[in-house]
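Structure first, then comments.
The values are calculated or read from the model by the stated rules, or taken from the named source; none is laboratory data. Please read all numbers here as calculations on a predicted model, not as lab measurements. FYI the Cβ positions are ideal-geometry reconstructions off the backbone, even for glycines, and counts take in every protein chain you see. Side chains are part of the model used for accessible areas, which takes the heavy atoms of the whole protein and leaves out ligands, DNA and RNA. Shrake-Rupley method; radii C 1.70, N 1.55, O 1.52, S 1.80 Å.
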Amino acid sequence: MTTEEAVDLGAMGDRFTRDPYSVYAALRARGPVHRVRIPEGALAWLVVGYEEGRAALADQRLSKQWALASPALGVRPVSSGRSMLSTDAPVHTRLRKLVTREFTPRRMQQLVPRVRRMTDELLDTMLAQPGRRTDLVESLAFPLPMSVICELLGVPFLDRRAFRAWSNTAVSSIDAAARRAATADMSRYLAGLLDDKREQPGDDLMSALIHTADEDGDRLSAEELMGMAWLLLVAGHETTVSLISNGVLALLTHPEQLEALRADPGLIDDAVEEMLRYAGPIETPTYRFTTGPLDIGGTVIPGGGELVLIAMADANRDPDRYPDADRFDITRDARGHVAFGHGIHYCLGAPLARIEAAVAVGSLLERCPELALDTDPDTLTWRTGMLIRGPEALPVRW
Ligand code: HEM
């Protein structure tokens, strides 16, 4: 296949940013693997559909190491340091093992009362605003995950506005220079945070990671600590922000589903699974590179560090896996979705994200019986780039 045959997703501009689902579905009708030019400019191989997408997510012949990326791609990492998401086994196994015990569903359940308190405080502030309207991203969807992850990591004071701007640019901008500048700013900031923690350790995860050695005497290098801080802070909030916003948007634009959830609040966990399936925050996960020729569904992707992207947003909307897949239905069995990935890189924070979304959306509906969208959904501005799917702002009223 030649470059000329690539589907130029970037050239589709706003149409693709607003509704990537129909673009992916049209590609899926033609087969599971496509040569595309992504909005960031690079040429990539895009995998669509559930079966091939899920298999590719777990295929360890696809590497996460940037050092293996073909220089011809012209892509650069957005994060700093070395982390789980930029390594393969066995380095990945070692890094993940050091934090796995901190993120078990049981440990996360212990956070529920705290997440509830934080949500209540945010809703108190929101409901006290004059005019009975707000941007829900600003009032709830962003500050909740940010506060939770900061508390977990022991970041007492974070310049959240600056951090949010850097993080948003680093993961969503399609301008390479802007991404590089934001990455550099954020790395300087995190280096300062890590220095503070070294001098004044607290009773928190970051201090523990700096000082703890595991049973084998393993320690994180400075580069790995930076990678871990970066990954946990960014992955720990960017995605959950969009899960809460996308989820509330789906409910407000499907009144019968909202009604069903209001009638039976016990449906909240099923509703969150359906939000993850129908409007998951990650459209295509982090980059993977070929280490040798790879046959996916009859198309052989060459080796040599070719970029492979997996359209998780499309896998979750594949009608071969989910009947009537484009329909938002909180009563369906949404299990098996790949919104948290699949395989060795399966999201470490999934239990936490589920708790935050269930508490945030559940409490919001309870406290705002007349919650409604305060804008035409067709006019919402969506995050650019193919990583995060979520609105920049979500105007609501009550
Ligand atoms: C709705 C919220 C979230 C979604 C949809 C999500 C999604 C994902 C996905 C798709 C991956 C795999 C990426 C890949 O294979 O390329 C991943 C990995 C990861 N996520 Fe999440 N995530 C969410 C929330 C969180 C939270 C709250 C945390 C941390 C507190 C977190 C920490 C991580 C980490 C550390 C990894 C890397 C795991 C590894 O490489 O072994 N995530 N996440």
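Please return the longest range in the chain lying between exposed loop sites, taking GluC sites (Glu not before Pro), DSSP loop only, at most 13 other beta-carbon atoms within 10 Å, and leaving the sites out. With GluC sites (Glu not before Pro) excluded where exposed in loops, the chain gives 1-214 as its longest stretch. Couplings for the range 68-73, taken from phi via the Karplus curve 6.51 cos²θ - 1.76 cosθ + 1.60 with θ = phi - 60°, read 8, 5, 4, x, 5, 5 Hz in order; Gly and Pro are left as x. Here's the picture: charge each Lys and Arg Cβ at +1 and each Asp and Glu Cβ at -1 in the range 1-114, and of Gly49, Ala26, Pro113 the one pushed furthest to the positive end of that dipole is Pro113. I need the fraction of alpha carbon pairs in the range 51-175 separated by more than 21 Å, rounded to a whole percent. Everything past 21 Å amounts to 62 percent.
Note on the range 110-152: Rg/Rh from C-alpha atoms, Kirkwood Rh, equals 1.01.
Taking amide hydrogens as placed 1.01 Å from N in the peptide plane, the amide H of Arg288 sits under 5 Å from those of Val308, each at least 5 positions away in sequence or on another chain. Pop out the carbon and sulfur fraction of the accessible area of the range 38-107 as a percent, whole number, probe 1.4 Å. Ligands and nucleic acids excluded, carbon and sulfur reach 53 percent.
Charging the Cβ of each Asp and Glu at -1 and of each Lys and Arg at +1, and nothing else, the dipole of the range 39-137 about its Cα centre rounds to 520 debye. Translational diffusion coefficient of the range 248-396 (Stokes-Einstein, Kirkwood radius from Cα pairs, 37 °C, 0.692 mPa s): 192 µm²/s.
Run the accessible area of the range 129-176 with a 1.4 Å probe and give the carbon-and-sulfur part as a rounded percent. Heavy-atom surface of the range 129-176 belonging to carbon and sulfur, 1.4 Å probe: 57 percent.
The simple spin-label model puts a point 7 Å past each Cα toward its Cβ; for Ala89 and Asp195 those points are separated by 4.0 nm. When Rg and the Kirkwood Rh are both derived from Cα coordinates, the Rg/Rh ratio for the range 1-116 amounts to 1.06. Under the simplified labelling scheme, the Trp398-Thr379 pair shows an inter-label distance of 2.3 nm, with each label point 7 Å from Cα along Cα→Cβ. What number comes out for the charge environment of Arg132, summing +1 per Lys or Arg and -1 per Asp or Glu over other residues with Cβ under 12 Å away? Once all neighbours under 12 Å are counted, the net charge is 0.
Separation of the range 358-398 and the range 136-191, taken as the distance between their Cα centroids, equals 20 angstrom. Answer rounded, prolate or oblate for the range 356-397, using the Cα gyration tensor with square roots of eigenvalues a ≥ b ≥ c: rounded when a/c is under 1.5, else prolate when a/b is larger than b/c, else oblate. Since a/c reaches 1.5 but b/c is at least a/b, the shape of the range 356-397 is classed as oblate.
For the range 341-398, with all protein chains in place and a probe radius of 1.4 Å, 52% of the accessible heavy-atom surface sits on carbon or sulfur. Principal axis extents of the Cα atoms in the chain, from largest to smallest and rounded to whole angstrom, are 57, 53, 36. Long-range amide H contacts for Trp382: which residues qualify at under 5 Å (H placed 1.01 Å from N, peptide plane, sequence gap of 5 or more or a different chain)? Placed amide hydrogens put Glu392 under 5 Å from Trp382.
Coordinate range of the alpha-carbon atoms in the range 167-210 per principal axis, descending: 38, 15, 11 Å. Our coupling estimate for the range 111-121, obtained by passing each phi through the Karplus curve with A = 6.51, B = -1.76, C = 1.60 and θ = phi - 60°, is 7, 3, x, 5, 4, 4, 4, 4, 4, 4, 4 Hz, Gly and Pro reported as x. For the range 200-274, pairs of C-alpha atoms spaced more than 19 angstrom apart make up 57 percent of the total.
Think of a 1.4 Å ball rolled over the protein heavy atoms: the chain then has 43 Å² of accessible area per residue.
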